[in-house]
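Encoded as structure tokens, the structure appears first; notes follow it.
The values are calculated or read from the model by the stated rules, or taken from the named source; none is laboratory data. From a predicted model like this one, the values you see are computed outputs, not experimental measurements. All Cβ positions, even for glycine, are placed from backbone atoms using ideal geometry, and neighbour counts span all protein chains on display.
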């Protein structure tokens, strides 16, 4: 490719956000220059909207796709503008199937307005949001949600092992992925919902072809986005399968890998 991209899509955690939550000045500068040149910026993440304030405050521009593609989120107004949800009946069926396949499993559910978990589901990032919990997640299901989380809190299976089982048990029913190989955690979305699918929708609305889009990511929840974009980079310190879906490798996020690639691309003609 010899042209500057028209759209840049990036994962956040482990891609441009360090594990301590920081974003380097070089990364901010690279995205800021791209924005000033008229490149569309999309922050595409598994995060819920409540975790996006720091991104809004750090950059001050760009659009957001949250929940692994389950929603479009307006950073400026802090509002969900469109969403694709898992129905109540689907949540109940997910729990039924996965308890049979992995007896140690436990669940949490989240929408942009609430988060609930089972008592045996030990949260890592949402500590304090639901300190009571329910015996079975069915007791907390009141309506559609954008994400269902499934965890082996005792670490009985890795995320990759859980994903292999879930892809078999839930094939054709919902979308399953994970965002951290070091956790025992699955992230479940409505059927057909993924980062790549939602990015394709917004690009089509902007009349931008996949060949004019570039993406960056580090884990399986990014693979659909890496595969869809004409140019894509898996992070060198990310999941080892990333390169199967991307056509390039960026240096580790700790070494400003994304910023380095963007700086080079912005030197290309529009």
Filter result (in contact with a strand residue (DSSP E or B) (Cβ under 8 Å, 6 or more places away or on another chain) and surrounded by fewer than 21 Cβ atoms within 10 Å (Cβ to Cβ)) within the range 232-244: 236, 243
Residue check for residue 252: surrounded by fewer than 23 Cβ atoms within 10 Å (Cβ to Cβ) and in contact with a strand residue (DSSP E or B) (Cβ under 8 Å, 6 or more places away or on another chain): yes
Scope the range 162-191; condition in a helix (DSSP H, G or I) and farther than 14 Å from residue 241 by Cβ; matching residues: 162, 165, 166, 168, 169
Number of the condition not met by residue 102 [criteria: (1) free of Cβ contacts under 8 Å to residues at least 60 places away in the same chain; (2) over 30 Å from residue 56 (Cα atoms)]: (1)
Residue count, the range 54-86 (criterion: touching a residue at least 60 places away in the same chain (Cβ under 8 Å) and outside any strand (DSSP E or B)): 6
Pairs with Cβ under 9 Å, 6+ apart, first in the range 197-219 and without any contact (Cβ under 8 Å) to a residue 40 or more places away in the chain and not assigned by TED's automatic domain parsing to the domain that holds residue 175, second surrounded by fewer than 24 Cβ atoms within 10 Å (Cβ to Cβ) and assigned to a loop (DSSP other than H, G, I, E, B): 209/6; 209/230; 210/230
Lone unmet requirement of (1) in the same structural domain as residue 32 (by TED's automatic domain parsing); (2) crowded, with 16+ Cβ neighbours inside 10 Å for residue 60: (2)
